[in-house]
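This report concerns only the one structure given below.
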Amino acid sequence: MPDDLTKAGRPTPRSAFAEVAPDGLFERPGVIRLRDPGHRPKTLLRVRLTPAWSAAAESVLGVAPPDQPGTPARSPVANVLWLGPDEWLVLGIGPASRSCIGLGSLAPALLRAGLAAAEVGDGLPDLELSGPRAREILAGGAALDLHPTAFPAGRATRTRLGRIGVLLQRAEDSGNGPVFRLHVERPWAGHLWSWLADAALDHPSNDESFPR
């Protein structure tokens, strides 16, 4: 490999779902739709929150990290998900993140602000789950109350699904029902995709034109 190969010139990492979903898409009409959204910058932030450190994080992220379980905080630069009393997942979003932080990783700026941060990016891939039976599919493998009143849009929590650990995030509903994002450690990505696709085949479709 040439010594002068820059980070920008390196090949894009192979999708964690390539083995089970080369096209990055699975759909059972009337049940669920799975989609690989591709690379998203993700930074793990660890800090014991104090007013000074909260202000330091806010100076980089544009919003203070949330201090309540499962709650998010959002700015034009990042979506910050509460994972624990001293741990957050920071998702770089939008052109603001890319323009001010280069490739979108917020870790360098957080480190300069004196906070403990590590870019996890492709080591924690995510998939998007949507469709009219998405909530039923998840309820079949996770011991969570996923009713909108208990798990509203924006909420995120760690749980077990299909015998593996995931970070489950509820996004805004679409016209075709609820939308969830599932973040999983890369070695388990293919297993998670396959588990969800197999579960969908066991559910009857709401689409009368699609075989049950």
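The values are calculated or read from the model by the stated rules, or taken from the named source; none is laboratory data. Please read these numbers as outputs of a predicted model, since none were measured by experiment. Note that each Cβ is placed from the backbone with ideal geometry, even for glycine, and that neighbours are counted across all protein chains shown.
Scanning the stretch 112-155 for residues being in contact (Cβ under 8 Å) with a residue 40 or more places away in the chain and under 24 Å from VAL20 (Cβ atoms) gives a total of 21. Annotation: of all residues in the stretch 86-110 being surrounded by fewer than 17 Cβ atoms within 10 Å (Cβ to Cβ) and at pLDDT 90 or above, the one that is nearest to ARG181 (Cα to Cα) is GLU87.
Residues considered: ALA139, ALA116, ALA197. Of these, the only one that is over 17 Å from the mean Cα position of the chain (by Cα) and within 28 Å of ASP86 (Cβ to Cβ) is ALA116.
Being surrounded by fewer than 18 Cβ atoms within 10 Å (Cβ to Cβ), free of Cβ contacts under 8 Å to residues at least 24 places away in the same chain, closer than 30 Å to ALA197 by Cα and acidic (Asp, Glu) is the requirement here; does ASP67 meet it? Considered against the rule, which asks whether it is surrounded by fewer than 18 Cβ atoms within 10 Å (Cβ to Cβ), free of Cβ contacts under 8 Å to residues at least 24 places away in the same chain, closer than 30 Å to ALA197 by Cα and acidic (Asp, Glu), ASP67 comes out as no.
Of the residues that sit in the stretch 186-206 and are buried (at least 17 other Cβ atoms within 10 Å of the Cβ) and over 20 Å from PRO125 (Cα atoms), which one is modelled with the lowest pLDDT? Selected residue: SER205. Take the conditions (1) surrounded by fewer than 17 Cβ atoms within 10 Å (Cβ to Cβ); (2) more than 12 Å from the chain's Cα centre (by Cα); (3) at pLDDT 90 or above; SER209 misses just one of them, which is (3). Scanning the stretch 14-38 for residues that are farther than 26 Å from GLY177 by Cβ and touching a Gly at 6+ places or on another chain (Cβ under 9 Å) turns up ALA18, GLU19.
Residues that are aromatic (Phe, Trp, Tyr) and in contact with a Leu (Cβ under 7 Å, 6 or more places away or on another chain): find the helices (runs of 4 or more DSSP H) completely inside the stretch 24-140 holding 1 or more of those.
51-61
Scanning the stretch 160-206 for residues that are outside any strand (DSSP E or B) and among the aliphatic types (A, V, I, L, M) yields ALA171, VAL184, ALA189, LEU192, LEU196, ALA197, ALA199, ALA200, LEU201.
ALA171 satisfies every condition listed in (1) out of contact with any strand residue (DSSP E or B) (no Cβ under 7 Å at 6 or more places or on another chain); (2) without any contact (Cβ under 8 Å) to a residue 60 or more places away in the chain; (3) under 23 Å from SER15 (Cα atoms) except (1). Restricted to the stretch 159-185, and to residues there that are surrounded by 15 or more Cβ atoms within 10 Å (Cβ to Cβ) and charged (D, E, K, R), the residue that is nearest to GLN68 (Cα to Cα) is ARG170.
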